[in-house]
């Protein structure tokens, strides 16, 4: 089969404008050409379950190149597809950080042709490299506090004017490097101690800086508290993760739940979840960041990060099924808003948009099973959590997952090769 399927009609119960409708969607060259109740003229594919536009995850770490024993673009993107995510944006904190044009081009050449889903690539803004960043970058990421494979931006950040000229989102890991230095603790032994060594005040201090940066299209990554959202106001889009929404520092998951920024106290976590449910957050991303068993063996020396690209959508759908999360809030934060933030013609059922879809039956809820996940390191603190996995996934008009099984070779494309929203 080729990269695009021409003249196909996809029929079923599609989510549109807050409700499910029985519709037929005509697809040509991977693009939605017509939407109606009764569309004819081509091969018809009937999809069971509720059909949503394909999801976008703007925050993954596929470790490729440099640490492919943990994950590579093939395994990471396959995990994404199985979880209903048809587009990912990969972060720049590789072993050799993506801080200039040459490193970016090398990474793009390595991962191209190996992805099961469409993808974008970030470049890293160090505070002084604005003139070196590739114009092909899908987004710009800055680490205001140190994290895995990333040195914190220190001192005065220079080059905002040049960064602002790049028409892509600017995403910030917001933990103040000065605050982290003041609270640094050697030999943390558990999630609570890790939390105290990177306290919430470091996040809030850094978000005050983000609020003041003279940039548009700002996104604050993985915020962990309602107070953080309040600090930002409307100055930036607010990203949150399933692990900060659903886990806290009293959970008994050990080093597999060690992450930056840390899981917070139960009270903080519950208030964050309530804020998300009420509409205070804009985007749900996985921050998928795999590490090996050896990396996680001893909490004191464990590396921070956990997987999530495959479980993000299923976990949130389970909250919908339980009546905790509204369908519209799920759709907007997991599907529409992430794509819109990056100017993609995805995430909505509209003519002229790409024909990316996933279908799921909400009645088909089961526990997450690590052994069934597709990451090279499938260990997750969400093992056993209730979830609703997609049964069918379509990428640009082609069925790539059917009955929960992959049926095609990698066909993902760099988002720069896809037409953007004008």
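Taking Cα centroids, how far is the range 86-140 from the range 12-31 in Å? So the two Cα centres are separated by 33 Å.
Every Cα-Cα pair of the range 95-251 was included, and the share exceeding 24 Å stands at 38 percent.
Applying 1/(1 + (r/R0)^6) with r as the Cβ-Cβ distance of residue 294 and residue 267 and R0 = 56 angstrom yields a FRET efficiency of 0.95. With neighbour counts taken as other beta-carbon atoms within 10 Å, the residues 96, 223 rank, fewest first, as 96, 223.
Measure nothing fancy, just the Cα-based angle from helix 266-278's long axis to the longest principal axis of the chain, in degrees from 0 to 90, nearest 10. For 266-278 against the chain, the angle is about 40 degrees.
In terms of other Cβ atoms within 10 Å, 90, 249, 161 run from fewest to most in the order 161, 249, 90.
Report the antiparallel proportion of the DSSP beta bridges in the chain as a percent, rounded to a multiple of 5. The answer is about 50 percent antiparallel. If R0 equals 51 Å, the separation of the Cβ atoms of residue 351 and residue 185 corresponds to a calculated FRET efficiency of about 0.40.
Each Cα pair under 8 Å and six or more residues apart adds its sequence gap; the mean of these over the residue count of the range 366-422 is a relative contact order of 21 percent. Overall, the anisotropy analysis places the range 54-341 in the rounded class: the square-rooted eigenvalues a ≥ b ≥ c of its C-alpha gyration tensor yield a/c less than 1.5.
Helix 101-111 and the longest principal axis of the Cα set of the chain meet at an angle near 50°. Can you give me the distance in nm between label points at residue 251 and residue 365, each placed 7 Å from the Cα along the Cα-to-Cβ direction? According to this spin-label approximation, the distance is 1.8 nm. Once the C-beta distance of residue 274 and residue 385 is scaled by a Förster radius of 22 Å, the resulting FRET efficiency is 0.70 to the nearest 0.05.
Here is the size of the range 288-402 from its Cα atoms: Rg then Dmax, 16.1, 52 Å. Mean separation of Cα pairs under 8 Å and 6 or more residues apart, divided by the residue count, gives the chain a relative contact order of 21 percent.
Footprinting exposure proxy ranking of 115, 363, 135, 11, fewest other C-beta atoms within 10 angstrom first, gives 363, 135, 11, 115.
On full extension, the segment bounded by residue 164 and residue 301 gains 45.5 nm, given 0.36 nm per residue less the C-alpha separation. Here the spin labels are modelled as points 7 Å beyond Cα on the Cα-Cβ line, and at residue 416 and residue 46 they lie 4.4 nm apart. Relative to the longest principal Cα axis of the chain, at what angle does helix 312-321 sit, 0 to 90 degrees, rounded to 10? Once rounded, the angle reads 70 degrees.
Computed from the coordinates by the stated procedures, all read-outs in this text should not be read as laboratory data. Everything quoted here is computed from the prediction, not taken from an experiment. Cβ: placed from backbone, ideal geometry, glycine included. Neighbour counts: every protein chain shown.
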